[in-house]
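Visitor: Below are the structure tokens for one structure; questions will follow.
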Amino acid sequence: MGILQARILEWVASPFSRGSSQPRDPTQTSRIAGTFFTFTEEKLGQAEKTELDAHLENLLSKAECTKIWTEKIMKQTEVLLQPNPNARIEEFVYEKLDRKAPSRINNPELLGQYMIDAGTEFGPGTAYGNALIKCGETQKRIGTADRELIQTSALNFLTPLRNFIEGDYKTIAKERKLLQNKRLDLDAAKTRLKKAKAAETRASQLNSARLEGDNIMVNFSYVLNLLHVKWLKIWAEEVTKSEQELRITQSEFDRQAEITRLLLEGISSTHAHHLRCLNDFVEAQMTYYAQCYQYMLDLQKQLGSFPSSYHSNNNQTSVAPIPSASSNVIGSSALTSTSSLVITSPSNLTDLKECSGSRKARVLYDYDAANSTELSLLADEVITVFSVVGMDSDWLMGERGNQKGRVPITYLELLN
């Protein structure tokens, strides 16, 4: 530390700046040196430090906490809305260049396009091809909803958070730094005044009594008295100058503390504004998930209404997989012969529609009831079905024990 202080004193003592013909301002250089020494002595516990009031300290802590958590929430929201880090970097670069990022297809839209292309190639007349097209269209609608969520969230949630970090908080940090500098100037002024008063006290305590003896000693004593008087005048002027400087630095410090306090008290308004933005973000998410749910519900109904009589791509009748051995309701011939496991043919559908009385039918696929009038089904179970006058031709009344409800005929295979 002694070497560093010596270097600074050497720099202060130099009348010209290194590499410049202009002399340094002595007031500025002395203030810089005094501020540095004050900061060093405060860190070492050797100098008095002006403490901020508790209210201002609490406001500073609140502002710092708000800044830290706002940055974390903002960054994680960006990850949620755009999981691709390369895309986030590209958007950041375009934003800094003040240019609009090129529109790119998102993942649901890309998946939907693949499904539509595959369904078109397999044939829209096939069950699988038609289902792929329907799923692809739904995925593209979800992609559009996802794009709307990103735009709405960026406008109503991310932008206000970013404006706080890059605008309001930067202003607070700037004023806070100025307050720190003003505090160091004030501490340096206090230290100089304290040292000046101590030196003045020591000077006044010097023995100025006239010495008795020969002429040489008397003359020497007279010279010392003259130097003593000069010294007292110098330190008296130094004390006066230090007191004036202390009053100035105290006034500047108080003014900067008030400016910083007014800015920091605006953090409460920032929290209220961010709360409104958070409500907007939650509402955007709610709208997005409600749209997705409705899209998938409509898709499920569309897929449930597909007849199972669609032919496969090679125009051969599809063969259902052999049921598990635990399905003991069906006869042993159904376990050994695949001829009785053919998916419902057109003639079988006609029999189901025109059947009178009750008949046994095997369930081909799982089915979840859409409402209380329908009966949920499990694949490979056997239920009793019968027609009801006035019922839609695509439905039959199913019965399993005490449970009864409508079932789609495309999910059934009539048993002999």
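The values are calculated or read from the model by the stated rules, or taken from the named source; none is laboratory data. Computed from a predicted model, the values in this text were never measured in an experiment. Cβ sites come from the backbone with ideal geometry, for glycine too, and all protein chains shown count toward neighbours. What goes into the accessible areas is simple: the full protein's heavy atoms, side chains included, and nothing from ligands, DNA or RNA. Shrake-Rupley method; radii C 1.70, N 1.55, O 1.52, S 1.80 Å.
Visitor: Any idea how many residues of segment 252-295 are closer than 18 Å to Ile133 by Cα and exposed (fewer than 15 other Cβ atoms within 10 Å of the Cβ)?
Guide: The qualifying residues number 1.
Per-residue answers, yes or no, for (1) touching a helix residue (DSSP H, G or I) at 6+ places or on another chain (Cβ under 9 Å); (2) modelled with pLDDT under 95:
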site: Glu71; (1), (2): yes, no
site: Glu78; (1), (2): yes, yes
site: Pro85; (1), (2): yes, yes
site: Glu90; (1), (2): no, yes
site: Leu97; (1), (2): no, yes
site: Asn107; (1), (2): yes, yes
site: Leu111; (1), (2): yes, no
site: Met115; (1), (2): yes, no
site: Glu121; (1), (2): yes, yes
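Visitor: Here is a further query. Within segment 99-169, considering only helices (runs of 4 or more DSSP H) that don't extend past its boundaries, which have at least 1 residues that are of a type outside the set (Val, Ile, Thr), within 30 Å of Leu262 (Cα to Cα) and in the same structural domain as Ile73 (by the TED database)?
Guide: It comes to 159-163.
Visitor: Follow-up question, since we're still on this one. Could you check segment 88-98 and list, in sequence order, the residues that are open to solvent by 90 Å² or more (accessible area, probe 1.4 Å) and either part of a helix (DSSP H, G or I) or of a type outside the set (Asp, Glu) (or both)?
Guide: Correct list: Ile89, Phe92, Glu95, Lys96, Leu97.
Visitor: Then there is this: If you go through segment 297-312 one residue at a time, do you hit one that is more than 30 Å from Ala54 (Cβ to Cβ), open to solvent by 80 Å² or more (accessible area, probe 1.4 Å), modelled with pLDDT of 95 or more and out of contact with any Leu (no Cβ under 8 Å at 6 or more places or on another chain)?
Guide: No, segment 297-312 contains no residue that is more than 30 Å from Ala54 (Cβ to Cβ), open to solvent by 80 Å² or more (accessible area, probe 1.4 Å), modelled with pLDDT of 95 or more and out of contact with any Leu (no Cβ under 8 Å at 6 or more places or on another chain).
Visitor: Related question: Restrict the check to segment 166-174 and report whether at least one residue is under 30 Å from Thr66 (Cα atoms), in contact (Cβ under 8 Å) with a residue 12 or more places away in the chain, surrounded by 15 or more Cβ atoms within 10 Å (Cβ to Cβ) and β-branched (Val, Ile, Thr).
Guide: Scanning segment 166-174, I find at least one residue that is under 30 Å from Thr66 (Cα atoms), in contact (Cβ under 8 Å) with a residue 12 or more places away in the chain, surrounded by 15 or more Cβ atoms within 10 Å (Cβ to Cβ) and β-branched (Val, Ile, Thr), so the answer is yes.
Visitor: Could you tell me whether any residue of segment 229-244 is modelled with pLDDT under 70 and of a type in the set (A, V, I, L, M)?
Guide: Scanning segment 229-244 turns up at least one residue that is modelled with pLDDT under 70 and of a type in the set (A, V, I, L, M).
Visitor: In segment 387-399, how many residues are open to solvent by 40 Å² or more (accessible area, probe 1.4 Å) and at pLDDT 90 or above?
Guide: So the answer is 1.
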